Each structure stands twice: as C-alpha cells, then as structure tokens.
Amino acid sequence: MTKSYHKKTFVSISLLFLIAGVFGQSNKKIADLKKVLQSSDSIVLIKHKTTCDYMPMIISDIEVADTSIDGVKKLKEKRQSCRLLKNGKINSDISINSKVISSEIKLQLIKILTTPKLSKNNEDEFKNLPLTTQTIAIYAKNKLQYIDIDFAGKQLFCSQNIHISEKDFDIDKWNKLESIFVKLDLIDKVE
C-alpha cells in the first residue's frame, strides 16, 4: 500500500469523525431543547417592544449629551427599562400582550423547533414583516428560559441553556413559527 493511499484513508476517516461530531452536537442540542420544552410547567408567547439587550447602543443613547451623574443615572434607568428581563423575570414595561399556550400549541411548537431544517434556503420570503419582536418564555420549576425572536431580522437570542440559533432555521421553519404567533394575534404586520 502506498503512502498516498494511507493519506487518503486517514483524511476520509477524519472527515467521517468530523461529520459525525457535527451531527452529534446538532442532535444533542435538539434533544436538549425538546427536553426543556416537554418538561416545562408552562410556555408563554409574548409580543413586546424591541429590546435594547442585543444592540450596543440605542439612538436615544447617542442623543444624550448630559454626562453628569444624573444624566448617566437617567440613561442607565432608560436602558434598564427596555431590557427583556428585569430582576430575572420578563420585563412588564416592554410587554404588549402575552398568552399561555395550550398543550396542542405546545406540541406544534416542539415539532417546529426540534425538526431539523430541510433546506439551505433562508431567503427573505416574508411579505409583511412584524413591527414588534416576540419571545417564547419557558417556565419549569420556577425557572425561566427563553427564546427571543426577531422575525424581521431572522435572529434568535436565547437564554444560556438553549442552544439553537438562526442557523437551525430555513424559511419553512421561520414561517411555521411565525404562523403560531399570527394565530394567537401576537404579531404585528406591515400592510
């Protein structure tokens, strides 16, 4: 056997382990998410104002020229009021509407979030983009976990123990998830 044969065999085996590792990690995060959702005491879908959690700076921050102690204090209070969480709970100052979902919708949500994406297509096919952002708040044993969703930007921001991202979504998955919020009247559309 030649040296190049051994090299090709080594590369082939290495690729197989790499692919198995990637699929193993993906399957684990889906299984973990499914477990979190299934074991929840309740799941609440929330329509809320856009938060400032994931932006380095909001426009009103730029406009603040008052660098006095009072000015900085006001700025900190303003930024705190637009955060998703306040004292470990969903911030009621930004919440517009929320609904505890039924077991039937919970099963639909689990299926959508834990089904692997079928295509690489993630092109923007939304005809009407939402003006608000949404959150899936998952409560289990007095503990809150969440998936904060920006349908317009196709972004997800999750609590520490939830390991999904927009990379796990194709357009079909985005549309199915959006349809749940639409059905419950928890999403605004541009006409």
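Nothing in this text is a laboratory measurement; each read-out follows from the coordinates by a stated rule. Because the structure is a prediction, the values reported are computed rather than measured.
Given the pairs K35/K111; K111/K173; K86/K176; K106/K173; K111/K143, which span a C-alpha to C-alpha distance of over 20 angstrom in this model?
Exceeds cut-off: K86/K176; K111/K143.
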Given H placed 1.01 Å from N in the peptide plane, which residues other than close sequence neighbours of Y146 have an amide H under 5 Å from its amide H?
-> I138, S159
Amide H proximity to L84 below 5 Å, modelled H, separation 5+ or other chain, gives C52, D53
